[in-house]
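Beneath this line is the structure, given in structure tokens, with notes to follow.
The values are calculated or read from the model by the stated rules, or taken from the named source; none is laboratory data. Since the model is a prediction, treat every value here as computed from it, not as a measurement. So basically every Cβ, Gly included, is an ideal-geometry build from the backbone, and we count neighbours across all protein chains shown. Accessible surface is based on the protein model in full, side chains and every heavy atom, while ligands, DNA and RNA are left aside. Shrake-Rupley method; radii C 1.70, N 1.55, O 1.52, S 1.80 Å.
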Amino acid sequence: MRVVVTGGAGFLGSHLCERLVARGDEVVALDNFVTGDPANVAHLADSPRFELRDVDVTRDVTVEGAVDLVLHFASPASPVDYLQLPIETLEVGSIGTMRALSLARGKRARFVLASTSEVYGDPEVHPQPETYWGNVNPVGPRGVYDEAKRFAEAMTLAHRSTHGISTGIVRIFNTFGPRMRPNDGRAIPNFIRQSLAGEPVTVAGDGSQTRSICFVDDLVAGILALADSEHAGPVNIGNPHEISMLALAEWVIELTGSSSTVNFIPRPVDDPTVRQPDTTLAQELLGWAPEVDIETALLRTIDWFRTETETAHFPEPPLGARETAHILTGS
Ligand code: NAD
Ligand code: UDP
């Protein structure tokens, strides 16, 4: 297959590119590097089946020749990133999605949208099945991301019904692993980076809010299972392993052998209280279930962060606790 991956130099996009090239597909990755990094796919550069292009998908998604599959993954994803890039996030979720859909339509390719558990907002149904409509604040700070993805889902289905495109929607739950930016502001990179540096680990609120965390290898397997099928979705892909943020912080401190203490910081506005995927549909439709044990996955991610910190690949200074709190709480 010839596959176009938007956001291909990002965390998830780079893992998708790697897996596609390894199985023999040809990949064209499109990225403007706003939150990604060419270094994430540098190891693929020598492959004749891989190409990285510097493209803003809100402006242009022209790809010559045949395309069989479009994986639309371009979008800031970390709350700290999308709260600093609100208009860009809305644009890539709306205009970028429309352009990527047009590419798929013109090539008669299958299209898969990277949607998110954030479409469920602060959920009143727990765990969340795909049939739940969600509880999103459209005018809260997170609305720029949540509503962009909800629009993108609606636009994807409209193209399916109007133009007959084969489309799939994957609702991705919190995923972690190597190649997350240590300073992207998300909980796991923050906890690992702070623990390795022996700094206080920043836990928002009292840390009782939960997330369900999935290792990237499992996620990629689920996404490709959906991409290789004809299913429209939306399908939740995530690991139902639910944990409070305080327990996660303490676990990371223990796994890194750190002497870090916990520093409680203000809770972000509209921060969801709980989140856990109901993965029944993924199991029934795709035969998919996560396989990697979370402790093993955390240790593999910690190893990667340790190496990256030593080689100092990331020149961008991490945000301090006060600056992060300012972005997330607006105060
Ligand atoms: P990321 O920030 O590492 O990757 C996003 C990539 O998109 C980056 O390389 C960025 O430079 C690129 N990009 C952004 N705007 C662009 C534009 N206008 N043109 C071209 N490229 C652009 O984030 P990620 O965690 O890899 O997330 C990838 C996708 O998966 C996103 O769509 C995100 O919403 C979705 N998602 C991720 C998670 C998660 O836990 N990682 C959860 C839910 C949904
Ligand atoms: N969080 C935290 N400390 C941090 C960063 C995040 O306690 O340094 C919390 C955040 O408030 C949220 C949870 O961890 O309750 C997950 O945040 P993340 O940004 O990883 O993902 P999302 O909110 O998008 O699910």
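Comparing mean-square fluctuations of 138, 234, 48 from a GNM of the chain with C-alpha springs under 10 Å, the top value falls on 48.
Pairs of Cα atoms under 8 Å, at least six residues apart: use those to get the relative contact order of the chain, whole percent. Write out the running numbers ahead of the final one.
Details: 682 pairs, mean separation 56.5, N = 331.
With pairs under 8 Å counted, the relative contact order is 17 percent.
The candidates 33, 176, 11, 151, arranged from most to least accessible area with a 1.4 Å probe in the full protein assembly, appear as 151, 33, 11, 176.
Per 0.36 nm of contour for each residue apart, how much would the distance between residue 133 and residue 39 grow if the chain were fully extended, relative to their Cα-Cα spacing?
Gain on stretching residue 133 to residue 39: 30.1 nm.
In order along the stretch 132-140, the phi-based Karplus estimate (6.51 cos²θ - 1.76 cosθ + 1.60, θ = phi - 60°) of 3J(HN,Hα) comes to 6, 7, x, 9, 9, 8, x, 9, x Hz; Gly and Pro are listed as x. Amide H to amide H distances under 5 Å link residue 27 with 3, 50, 51, where only residues 5 or more positions off or on other chains count and H is placed in the peptide plane.
One chain, two ends: residue 1 and residue 95. Fully extended at 0.36 nm per residue, the span grows by 31.3 nm beyond their Cα-Cα distance. Close amide H contacts of residue 116 (hydrogens built in the peptide plane, cut-off under 5 Å, sequence separation of 5 or more or a different chain): 172.
Taking only C-alpha pairs under 8 Å that are 6+ residues apart, what is the relative contact order of the stretch 71-132 in percent? Working shown, then result.
On the way: 27 pairs, mean separation 23.6, N = 62.
Worked out over the stretch 71-132, it gives 38 percent.
Going by average Cβ density within 10 Å per residue, which order do the peptides 283-289, 12-18, 71-77 take, highest to lowest? Show your work: numbers first, answer last.
Details: 283-289: 14.0, 12-18: 25.6, 71-77: 28.3.
Descending packing order for the listed peptides: 71-77, 12-18, 283-289.
Full extension of the segment from residue 49 to residue 307, taken as 0.36 nm per residue of separation minus the current Cα-Cα distance, would add 90.1 nm. Normalising the average separation of contacting C-alpha pairs (under 8 angstrom, six or more residues apart) by the number of residues puts the relative contact order of the stretch 189-243 at 41 percent. Near residue 69, the amide H atoms lying under 5 Å from its own belong to 2, 4, 110; only residues 5 or more places off or on other chains count, and H is placed 1.01 Å from N. For the stretch 282-287, backbone phi angles converted through the Karplus equation (6.51, -1.76, 1.60; θ = phi - 60°) give residue-by-residue couplings of 4, 5, 6, 7, 10, x Hz, Gly and Pro being listed as x. Volume per residue for the chain equals 120 cubic angstrom (convex hull of Cα atoms).
Computed from phi, the 3J(HN,Hα) profile of the stretch 101-114 under the Karplus parametrisation 6.51, -1.76, 1.60 (θ = phi - 60°) reads 5, 5, 4, 4, 5, x, 9, 6, 9, 6, 10, 10, 9, 7 Hz, with x in place of Gly and Pro.
Only DSSP H runs of four or more residues enter the estimate; each adds -39500 (n - 2.57), and after division by the residues of the chain the mean residue ellipticity at 222 nm equals -11000 deg cm²/dmol.
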